[in-house]
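The values are calculated or read from the model by the stated rules, or taken from the named source; none is laboratory data. Bear in mind that the values here come from a model prediction, so they are computed numbers and not experimental data. Heads up, the Cβs are rebuilt from the backbone with ideal geometry, glycines too, and the neighbour counts pull from every protein chain shown. In case anyone asks, the SASA skips ligands and DNA or RNA and just uses the protein heavy atoms, side chains included. Shrake-Rupley method; radii C 1.70, N 1.55, O 1.52, S 1.80 Å.
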Amino acid sequence: MSTSAHSTEVQGLVAREVERQLAAFREEMEGKLAAVRERTVDDAATIVVFSGDLDKVLAGFVIATGAAAAGLETSMFFTFWGLSALKKKGAAAGPKNIMEKMFSVMTPASSESLGTSKMSFFGMGAVMLRKMMKDKQIATLEELMAMARDLNVKMIACTMSMDAMGVSKEELLDGLTYGGVATYMADAVRSRVTLFI
Amino acid sequence: MSTSAHSTEVQGLVAREVERQLAAFREEMEGKLAAVRERTVDDAATIVVFSGDLDKVLAGFVIATGAAAAGLETSMFFTFWGLSALKKKGAAAGPKNIMEKMFSVMTPASSESLGTSKMSFFGMGAVMLRKMMKDKQIATLEELMAMARDLNVKMIACTMSMDAMGVSKEELLDGLTYGGVATYMADAVRSRVTLFI
Amino acid sequence: MSTSAHSTEVQGLVAREVERQLAAFREEMEGKLAAVRERTVDDAATIVVFSGDLDKVLAGFVIATGAAAAGLETSMFFTFWGLSALKKKGAAAGPKNIMEKMFSVMTPASSESLGTSKMSFFGMGAVMLRKMMKDKQIATLEELMAMARDLNVKMIACTMSMDAMGVSKEELLDGLTYGGVATYMADAVRSRVTLFI
């Protein structure tokens, strides 16, 4: 037997043996990798917007657009007072019971009438904050919301809050996703960044 | 030496060599996998409940029960004003110094007397929120707390806050876990969802 | 050729061939491992301090020092009202326009003049909270800030907020990092714990 013939024979032998031993090993390693992979996260960010204060909603959109610009799949879950930020300007409210009407009167009519969490002074805080941002050419809430849409930020209106406050889909902006805490949680568990604002 | 005998010998050699090299590779991969696994998270959620506002505590329990229902090991860390949500109704307060008494008078006596973060109107906000939720058959805070217990949500009372406000274990609900920021952090570092409410 | 010489030659051949054939598998597994690793997190924590309330800023520093003590690389991003916590005591303010002056007057002059989120009573809440913490020998905000520095907690002043409120670097503490939402996001995406306070 010549050396080259011998070599070819060994190559074949090795190929078959590697294949045989690797099959089991590969399966084991793939299994272990899959188990570790299940413990990882997606490039995603999820923000609960609970507050209806202009300054906090602004911060929410600044972070959300920042996350989306950084390449994260970003979703915002608007619940409780945060729902007000999604109200369509001048939309006719649906039929409401007396409690719903009280809530409606006591909460902002749209993103343009949100107050601030500090320095309210009967709305002066929000007016000042908006004027200051305009002077400094910082994006307004409405501009940030448009930017968020462009960056495919998912905006989820909390259906439990809508139900509790008697807010209908007709009163909210177009293009929203609707869901409850389970919808939020499905996004949150796979997110790198989870915030409650 | 016949070719077949030779072949058998080489086959054995190949099998052992593949096994040997795979063993080393396996050890290396196991090490690398373990290193990557250390960078992963558990199916867990950790919520700091700093606020003592009814609406925020409610949101905390809605999210916590939602997380637990989604299969996450869930813990809530009640600190600062959030501690009020854990107060037992009608529990006799332990001996308090003057500052502790002032804090006691100025903070809610139990979950049933928490106010809201918005629309307070001398407590009207909380009354309205509770009535609205009842009308809509949405779970009350006390129902959500019972649900959280059933779902094995861990409730940690912040011992530093208890100490600072002069709150004793006797004034708090049964079945709580007690701990400080280190206890919280041990849960938080391995959580998929970390929120501050 | 003697059998032993032959054996050594074949052993070498087999070893090299096994190595060669395994190389592709190793490369494949390394690639898969690297892909999973990209989905993991660092031992890091990132806290947005949006609030300028003494109690909330305190909670932020308690958690930040707790995270750093637990071995996490910790960063705090001070934005909006949170910026006040970083103001140097008695620093001369730079030239401000009328809106900036109003903001300056209406926001705290340094960490020592922050109010509380609850029980304000014209500043009584903060005084009480500080006195209570002193009586209980709990670290003050200034002590916690010093501790945070010692533990290498990175403190980032939000440049957008500085610009919006007309706050200059000279008015802020020394040793800060400066950056916007992109700076924050770079830390947040690799963090185990992300909070918004």
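Give the calculated FRET efficiency between residue B:15 and residue A:38 to the nearest 0.05, with a Förster radius of 35 Å applied to their Cβ-Cβ distance.
Values: r = 34 Å, r/R0 = 0.97.
Computed FRET efficiency for residue B:15 and residue A:38 comes out at 0.55.
Under a Gaussian network description of chain A, with springs only between Cα atoms under 10 Å, the residue in A:180, A:31, A:52 that fluctuates furthest is A:31. Using a 1.4 Å probe on protein heavy atoms, which residues of the stretch B:33-58 have at least 20 Å² less accessible area in the complex than alone? The answer is B:33, B:36, B:37, B:39, B:40, B:41, B:42, B:50, B:53, B:55, B:56 - residues whose exposure falls by at least 20 Å² when every protein chain is included. Centre-to-centre, using Cα atoms only, the stretch C:125-174 and the stretch A:129-151 are separated by 28 Å.
Across the copies of the chain, residue A:42 has label points (7 Å from Cα along Cα→Cβ) spaced 2.5, 2.5 nm apart, shortest distance listed first. The contact between chain A and chain B removes approximately 4300 Å² from the accessible area (both sides summed; 1.4 Å probe; ligands, DNA and RNA excluded). For residue C:28 and residue A:6, what is the calculated FRET efficiency with R₀ set at 22 Å and r taken between the beta-carbons, to the nearest 0.05? Here the calculated transfer efficiency is 0.15.
Can you give the helix-only mean residue ellipticity at 222 nm for the protein assembly as shown, where every DSSP H stretch with n ≥ 4 adds -39500 (n - 2.57) and the sum goes over all residues, rounded to the nearest 500 deg cm²/dmol?
Details: 21 runs with 291 residues, N = 591.
Helices in the protein assembly as shown give a 222 nm mean residue ellipticity of -16000 deg cm²/dmol.
Inter-copy label distances for residue B:101: 4.7, 4.7 nm (label point placed 7 Å from Cα along Cα→Cβ; shortest first).
Shown for residue A:186: label points 7 Å from Cα along the beta-carbon vector, and their distances to the equivalent points in the other copies, 3.5, 3.5 nm in ascending order. Expressed as a fraction of 2.2 N^0.38 Å, the C-alpha radius of gyration for the protein assembly as shown is 1.19.
If you look at the Cα atoms of the stretch A:31-99, you get an Rg and a Dmax of 17.6, 58 Å. Connecting C-alpha atoms closer than 10 Å in a GNM of chain A, tell me which of A:98, A:156, A:63 has the biggest fluctuation. Looking only at A:98, A:156, A:63, the largest GNM fluctuation is found for A:98.
Interface burial in the stretch B:171-197 reaches 20 Å² or more for B:181, B:184, B:185, B:189, B:192, B:193, B:194, B:195, B:196, B:197, comparing the full protein assembly with the chain by itself; accessible area from heavy atoms with a 1.4 Å probe. Pairs with C-alpha atoms separated by more than 21 Å, drawn from the list C:89/C:169; A:96/B:134; A:134/C:101; A:136/C:154, are A:136/C:154.
Just how many % of Cα pairs in chain C lie over 32 Å apart, if you round to the nearest whole percent? Spell out each step's value before the answer.
Working: 6926 of 19306 pairs.
Roughly 36 percent, once rounded to a whole number.
Ligands, DNA and RNA left out, the accessible area of chain C computed with a 1.4 Å probe is 57% carbon and sulfur. Which of B:140, B:40, B:183 moves most in a GNM of chain B, Cα contacts under 10 Å? Per the Cα network of chain B with a 10 Å cutoff, B:40 tops the list.
Figure note: B:131, C:134 ranked by solvent-accessible area, largest first, 1.4 Å probe, ligands and nucleic acids not counted: C:134, B:131.
Measuring with a 1.4 angstrom probe and ignoring ligands and nucleic acids, residue B:43 comes out at about 90 Å² accessible.
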